[in-house]
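Presented below is the structure to which this report refers.
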Amino acid sequence: MHLERFSLEQHHVPSETIDFIMAQYSLFSLKILIGKSGSSTGLIPVRRGVLQGDTLSPLLFNLVFDSLMSTIIVMDLKSHGVLWGDGLTRFVWSQFADDATIAGEDYHKTQLILSFFQRWTSWADLTIRPDKSHAYTATQINGRYQQIEPKFFCNGLPILAIKSGEAMTFLGRDFSFASDGEMAKQILLQGTQDCIDLASSLPITPSLKCHALNLWLRAKLSFPLSHYSVSITWIKLHLDSLISGKVRSWMDLPPRATAHFISVPEKMLGLDLILPSLLAELCQAGTAMTLAHSSDPNMRKLQMLQKGAPTPGSFLTLARKEASKSIKKQQLHSQLDMLENLKVQSLILKSLRAALPSGELQAWARHIALMKPSISNFARKALLKVLLTNSNLARWNNSHSDSCPQCNNVETEKHIINNCSSSATQGRYTWRHNAILKMLVEHIQSHLPIAAEVFFDMTG
């Protein structure tokens, strides 16, 4: 514990405070209480490490590693790092909590930095685990850079080398030597398919499956979309098509039905299911703003050197929350524009949005989400005017005639449900009315006392 005391003294912490802090870690013990029985273990001394959840632990960790960081930034060691970005900045060390990364220009310089780190940890009474460390190296052979398997040592033990062709994982991200994006695309494809499979396996209605899929997509894809550079065009072509195809299958939508309503909010009669391309725009913008607002000048420089960054410069001047709202607003306007430009499938949607408050539209969307799939899917298709009527089939070039086979008028949704003269003459609308009324009466009677009477306007 001498390093903790030394670090606190270097930061001019009073000796009484230092003694108090040291007592928490050098003379500390605990006991474990067992359930409602009230029994407990004896005192268990804490001999190593800091306390989980202790708010002081991260501060002590940073104070201890500050001595190492101060040494690394001296020019003699910094000159051993690798050039990046503008060709003037050298990178030699990265530290995230207790995960460290060393980057060297060649084998001998990297081993030198590693040996320095080993000596510092010995002095600090810390431990390096060579069995949990990995080495990842590339070198120029015959004019081409190729991945090799280096031999580095720490505490006299070899560090496991990443095999040629395999990727290195650091802080949850896989780094591929080829850097061709194929690995990132495979991760995104597999993650999207896993989310679809999970939602498909749930015994719930199609609308609730869309809600579950929305939650899983955000949880599964946000990290890779934030940290891998994959074009929005590829995401639209491969990931968005997977989502829209599955939603069509769940809701029994015909191939010509639009998919622009999928990401529209429920209060606008959409499904509120974010598409991967829209999520990618938000994630990449978040990463760009994190770098741009960083207190580290190297991180700000890294953001400026990013190629093809999708975030407009105007968003980088905003706070992250405000920028996210602005991007979502733009995305919504874009989706609504594409939806409302449809001459037929947007007619009912636009009329309902203009006539009713958003609260009522959202209540309707949530109500049909609990109905049987056959009913909710019919309602959704009727809303989009994509029921398989002859007028639609003729518009989609799947039928030679748009006429009703009963009366030879144009067969639309409205015509089939209420306006066919032949159906009216044959009493079909009356039969439908009576069938519904009879069903309601039977349901009410089943919940009334035997002596109760129900009166209704129907003969028979």
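The values are calculated or read from the model by the stated rules, or taken from the named source; none is laboratory data. Since this is a predicted model, take the numbers as computed values, not measurements. Note that each Cβ is placed from the backbone with ideal geometry, even for glycine, and that neighbours are counted across all protein chains shown. Side chains are part of the model used for accessible areas, which takes the heavy atoms of the whole protein and leaves out ligands, DNA and RNA. Shrake-Rupley method; radii C 1.70, N 1.55, O 1.52, S 1.80 Å.
Odds and ends about this structure:
- Its alpha carbons considered, region 379-439 gives a radius of gyration followed by a Dmax of 13.0, 40 Å.
- Whole-percent carbon and sulfur share, accessible surface of the chain, 1.4 Å: 57
- Considering only the chain, percent of DSSP beta bridges that pair antiparallel, nearest 5: 90
- Across region 144-224, Cα-Cα pairs farther apart than 20 Å form 54% of the total.
- In this Cβ point-charge picture (+1 for Lys and Arg, -1 for Asp and Glu), the chain has a dipole of about 1080 debye about its Cα centre.
- For the set 329/381; 109/301; 350/372; 267/350, the pairs lying more than 18 angstrom apart at their alpha carbons are 329/381; 109/301; 350/372.
- Computed over region 138-286, the alpha-carbon pair-distance distribution with 5 angstrom bins reads 2, 8, 15, 17, 15, 11, 9, 7, 5, 4, 3, 2, 1, 0, each value a whole percent.
- A helix-only calculation puts the chain at -15000 deg cm²/dmol for mean residue ellipticity at 222 nm, using -39500 (n - 2.57) for each DSSP H run of at least four residues, averaged over all residues.
- Square roots of 5 times each gyration tensor eigenvalue, C-alpha, region 96-203, largest first, Å: 34, 21, 10
- D by Stokes-Einstein for region 322-421, Kirkwood Rh over Cα pairs, 10 °C, 1.306 mPa s: 100 µm²/s.
- Heavy-atom surface of region 356-400, accessible at 1.4 Å and reported per residue (Å²): 57
- Average 1/r across all pairs of distinct alpha carbons in region 322-368, invert it, and you get the Kirkwood radius: 12.2 Å.
- Computed over the chain: relative contact order in percent, which uses C-alpha pairs under 8 Å that are six or more apart: 8
- For region 188-247, the Cα-based Rg and Dmax, in that order, read 11.6, 36 Å.
- For the chain, the Kirkwood estimate of hydrodynamic radius, built from reciprocal distances between every pair of different alpha carbons, is 28.9 Å.
- Projecting the Cα atoms of 400, 341, 298 onto the charge dipole of the chain, computed from C-beta unit charges around the Cα centre, puts 400 farthest toward the positive end.
- Excluding ligands, DNA and RNA, the accessible surface per residue across region 161-241 is 53 Å² with a 1.4 Å probe.
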